[in-house]
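The structure under discussion appears below in the form of structure tokens.
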Amino acid sequence: MKLTVMKKISVIWILAGLAFLVSCTDTPVTPGGGGGTPLAKIVGTLEIEFRVPGSFLGPSRVLRADISIAKDAESLYKGHFLETANVYNSKLMYQFDLAPGVYYYQAGIICVAEGDSCSAASFPGGKFGMKWAIGTVEVKQDATVHVIPQFTN
Amino acid sequence: MFLVTLAIGFLASCETVIDINSTNQDVPIVYCVLNSADSIQYVRIQKTYLTDQAALNNPPDQDSMLFSGQIVVTMERWSAGKVIETYNFTATNEIPKDSGFFPYQKNILYKAKIKVVANQIYRLYIYLGSKEKVLYAETSSLGRLNVIDPIPLQQRKISLYDGNNYTCRWDQVVNAGVYQVAVRLKYKETIDGVTKIKYLDWPQQFASPGSDVDYLSIDISGVRFMHILQDNLKSGNGLVREVIGVDFQIVSGSLEMKYYIESTSPSEGALMEKPVYGNINNGIGLFCSIARIDVKDLLLSSVTIDSMAYGQFTKNLGFLDHTLDRDSTNNL
């Protein structure tokens, strides 16, 4: 007798649950996204072709040392960079995804030759002397801007 | 009645205590890793032990892990089928053993001055007087390890932050079966006016030799680096940390090392109990070789240091920014 009553109560609860679920309305889905998906960042791409200028020194005596990006000239001067790339002997192209705007960049090369070779090639201070190429570039949305740093003497 | 009496007598005579341990065989355990980056090589010799008591509660006696009697350790370098050099090892206790469950007061090793020559065969012989036994093992030394990136150049700073990974590259090494790169972060830590230099070692996953590739490489994740700092360094009031720099350790191991690592790694398939690889004849253990290069005292880029100071994962760890400040207005 008790069991029958329990079964009836269970059936009532199940039916009530089903009715509750059926009555639920799905959250309207906005076509094309939304729904908590993070917004895509608005960026453009800065591509730096980091050529090491040729000289009488061998190719393994002058190496890439640094590429950094800053928002303005003062930040560049003080070393407050937005981005700094890992540079390699074997890598020529370096890319940065940045918000649209004007940026300052610097590229540095270093002389590692022995003796007075570095001084003769106008690297200040001789061995481990560095030369810098500095410039500005405007990054535009969804576009890739390509620069080649120019080193003087 | 007679049969019942007989059965009772028979059952009463049974022993209920069973000795599950057989007599200890004193199996020799030998480990020797020839390191081409070192001029001194070491051999460790111990033996298996058995105890009737609960092994987890009672560490073995020091002497039950070491062989008594005469022990002679020699090594030969072979090239083109001939013995080129023979080395005799002498006992030493100059390297202390870490404290722990096993006894550590007497850490006897055998050492010899050996500069490992690349691409040679090395043979290890050990005579154990107490067992009148000779152990034997053989390994090939590795070729030269040439690291392409990083190069030891402080001006070329390392950037490791969210969205910026570092690629470590090296040439394939002759006879190598496995490679590993480890990054060591060096920093100063000041608590209550006391400053200490500290290290955080971050080993990368193992890499295997590739075929038809000019060089091997591994990517060190910048965002993972920040998580490693978050997971391994404690935060605290008044704690100040200053980044010094990073070292890279690139290690290549012989095929024996590769087999040993594979045999001791966690099982993934149905075979849960894997036999541990060993190449010591008449014993257990490993004789293998490694080549190692350390690229030390590299500097982190200012963006990396600022990310450590103000980034979302590490901002509570007390790192100073690249100007040695904690200016919160400079938050990234």
Checklist outcome for this item: Requiring at least 2 residues that are open to solvent by 60 Å² or more (accessible area, probe 1.4 Å) and of a type in the set (S, T, N, Q), the strands (runs of 3 or more DSSP E) wholly within segment B:57-142 are B:82-88
Next on the checklist: Condition first: more than 13 Å from chain B (Cβ to nearest Cβ) and not in a loop (DSSP other than H, G, I, E, B). Now tell me which residues in segment A:88-117 satisfy that.
Outcome noted: A:MET93, A:GLY101, A:VAL102, A:TYR103, A:TYR104, A:TYR105, A:SER117
Next on the checklist: Just checking, does segment B:216-236 include any residue being modelled with pLDDT of 95 or more, of a type in the set (Val, Ile, Thr), over 30 Å from B:THR48 (Cβ atoms) and in contact with a Gly (Cβ under 9 Å, 6 or more places away or on another chain)?
Outcome noted: yes
Checklist outcome for this item: Selection from segment B:209-222 of residues surrounded by fewer than 16 Cβ atoms within 10 Å (Cβ to Cβ) and over 24 Å from the mean Cα position of the chain (by Cα) yields B:SER211, B:ASP212, B:VAL213, B:ASP214, B:TYR215
Checklist entry - Just a yes or no: is a residue in segment B:148-160 open to solvent by less than 10 Å² (accessible area, probe 1.4 Å), of a type outside the set (Gly, Ala, Ser), within 14 Å of chain A (Cβ to nearest Cβ) and in contact with a helix residue (DSSP H, G or I) (Cβ under 6 Å, 6 or more places away or on another chain)? => result yes
Checklist entry - (1) crowded, with 20+ Cβ neighbours inside 10 Å; (2) among the polar types (S, T, N, Q); (3) in a loop (DSSP other than H, G, I, E, B); (4) within 14 Å of another protein chain (Cβ to nearest Cβ): which one isn't true of B:THR323, the others all being true? => result (1)
Item to check | Residue check for A:LYS131: within 14 Å of another protein chain (Cβ to nearest Cβ) and open to solvent by 70 Å² or more (accessible area, probe 1.4 Å) | outcome: no
Checklist entry - When only residues in segment A:69-87 that are within 11 Å of another protein chain (Cβ to nearest Cβ) and in a loop (DSSP other than H, G, I, E, B) count, which is surrounded by the fewest Cβ atoms within 10 Å (Cβ to Cβ)? => result A:GLY79
Item to check | Candidate set: segment B:25-42, residues that are under 18 Å from B:ASN282 (Cα atoms) and assigned to a loop (DSSP other than H, G, I, E, B); chosen: the one modelled with the highest pLDDT | outcome: B:VAL27
Checklist entry - Taking B:ALA207 and the conditions (1) touching a strand residue (DSSP E or B) at 6+ places or on another chain (Cβ under 7 Å); (2) within 14 Å of chain A (Cβ to nearest Cβ), which numbered condition does it fall short on, given that it satisfies the others? => result (2)
Item to check | Given (1) away from chain A (no Cβ under 14 Å); (2) in a strand (DSSP E or B); (3) closer than 30 Å to B:SER217 by Cα, number of the condition B:CYS168 does not satisfy | outcome: (1)
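The values are calculated or read from the model by the stated rules, or taken from the named source; none is laboratory data. Note that this is a predicted model, so its numbers are computed, not measured. Note: ideal-geometry Cβ built from the backbone for every residue, glycine included; neighbour counts use all protein chains shown. These accessible areas exclude ligands, DNA and RNA; they are computed on the full protein's heavy atoms, side chains included. Shrake-Rupley method; radii C 1.70, N 1.55, O 1.52, S 1.80 Å.
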